[in-house]
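Inspection log for the structure reproduced underneath, given as structure tokens.
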Amino acid sequence: MTLSGRDSPLGLHLIRRQGCAKKQSRVTQVKSAGSHVSVEQKKAIYENHQTNIKAWKKRKRMAMDILDAILEGYPKSKKQLVEEVGVETDEECNVKIPQT
């Protein structure tokens, strides 16, 4: 009984090696392609990020204004009011608004 070229250990080794070479060339091609995000997509993402930061700042300012208005007639400190109401501030959560 003879082994055909495909069934022989050497034949299997060559087939595996060719498959590996094809995959390796694909990896090289993907790595050398550079950025897969177009300039328009980057611009849209950046603008969306800026819009969200502005909205965050606006909501934070509005919430602090409301708390300050409540504090005018509140007998306790701001810290106690925040604790009673259950407001989580950015400072308590160690979160900083990104720079624009």
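Applying a threshold of 9 Å to beta carbon distances and a minimum spacing of six or more residues, or different chains, the list of pairs starting in region 75-100 at a residue that is within 15 Å of residue 63 (Cβ to Cβ) and of a type outside the set (A, V, I, L, M, F, W, C) and ending at one that is modelled with pLDDT under 90 and surrounded by 10 or more Cβ atoms within 10 Å (Cβ to Cβ) reads 88/82; 89/82; 89/95; 90/97; 92/82. For region 39-61, the count of residues that are loosely packed, with under 10 Cβ neighbours inside 10 Å and assigned to a loop (DSSP other than H, G, I, E, B) is zero. Taken over region 16-46, the criterion of being closer than 24 Å to residue 99 by Cα and of a type in the set (Lys, Arg) is satisfied by 42, 43.
Being within 18 Å of residue 95 (Cβ to Cβ) and of a type in the set (Lys, Arg) narrows it down to one residue among 60, 78; which is it?
Exactly one of 60, 78 is within 18 Å of residue 95 (Cβ to Cβ) and of a type in the set (Lys, Arg), namely 60.
The values are calculated or read from the model by the stated rules, or taken from the named source; none is laboratory data. What you see is a predicted model, and the numbers here were worked out from it, not measured in a lab. Here Cβ is always computed from backbone atoms with ideal geometry, including for glycine, and neighbour counts include all displayed protein chains.
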